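Since the structure comes first, as C-alpha cells, the remarks are kept for the end.
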Amino acid sequence: MDISDFREMYLKELQEARSVERQLVDALPRMHDAASDDGLKQALKKHLDETRSHLDQVERLLGEHDANPREHQDQSMRSLVAESEKWAGMLNDGALRDAGLIASAQRIEHYEIAVYGTLACWAKQLGLDEDLEALLAILEQEKAADDALSEFAKRDVNPKAQ
C-alpha cells in the first residue's frame with residue numbers, strides 16, 4: 001500500500017494505535033492472571049480500564065475521519081505481547097514472574113508513549129486540535145502508568161525478587 005500524503009500517514013498510524021489498544025485489551029487480563037502480587041494485579045486491572053478508554057477514544061477519532069479502524073494490525077505490539085507471555089511462562093517463582101511482568105509492561109508502555117507522542121506531533125502539524133487534545137491526554141496516562149510501574153517495582157516487587 002502506497003501512502004501519498006501526510007494526513008493519510010497520520011490516519012494509518014492512528015489505525016495502528018487502535019490495533020495496539022485492541023491487543024492490550026486482550027493481553028492485560030492474561031498478565032493479570034499471571035501476576036501473584038495483589039498490588040500488581042490492581043495496577044494491571046487499572047491499566048486495562050484505561051486501555052479500554054484509549055481504544056474507545058482512538059476509535060472515535062478514526063470515526064471522525066471516516067477511517068476504517070480495523071485496517072491495520074500492529075506487528076510490534078504483537079511481538080511485545082508474545083515476548084511478555086513467553087517471559088511470564090519461564091518464571092515459576094511468583095516474585096520473579098511479577099518483576100518480569102513489570103519489565104514487559106514497561107516495554108509496552110514505552111512503545112505506547114512513542115506511538116502517542118508521534119501521533120500528537122503529527123496531529124499538531126496537521127492542525128487537528130481536537131485530535132491533539134485527545135492524544136496528549138492518552139500520552140500523559142501512558143507516562144503515568146509507566147511511572148507507577150517503576151515506583152511499584154522499586155518499592156515492592158524487585159526487593160521480593162532478589
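Here are the numbers for the structure shown:
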read-out	value
The chain: calculated mean residue ellipticity at 222 nm from DSSP helix runs of at least 4, using -39500 (n - 2.57)	-28500 deg cm²/dmol
Label selected from (1) 50; (2) 10; (3) 22, the criterion being percent of Cα pairs over 29 Å apart as computed here	(3)
Pairs of lysine residues in segment 6-161 - Cα separation under 18 Å, sequence separation of 8 or more or cross-chain	6
Net charge of Cβ neighbours under 12 Å - reference residue 131; Lys, Arg +1; Asp, Glu -1	-2
Point-to-point label distance, residue 129-residue 107, nm (Cα→Cβ direction, 7 Å offset)	4.1
Positive-end extreme of charge dipole, segment 6-161 - chosen from 139, 23, 101 (charges on Cβ)	101
Inter-label distance, nm, simple model (7 Å from Cα along the C-beta direction), residue 65/residue 78	2.2
Only Lys, Arg (+1) and Asp, Glu (-1) charged, at Cβ; segment 83-162 dipole about Cα centre in debye	440
Distance-filtered residues of segment 65-102 - backbone nitrogen under 14 Å, label point 7 angstrom along residue 36 Cα→Cβ	88-102
Nearest-ten-degree value, helix 38-64 long axis tilted from longest Cα axis of the chain	10
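Bear in mind these aren't lab numbers, they're just calculated from the coordinates by the rules spelled out. Since the structure is predicted, the reported quantities are computational estimates derived from the model, not experimental observations. Note that each Cβ is placed from the backbone with ideal geometry, even for glycine, and that neighbours are counted across all protein chains shown.
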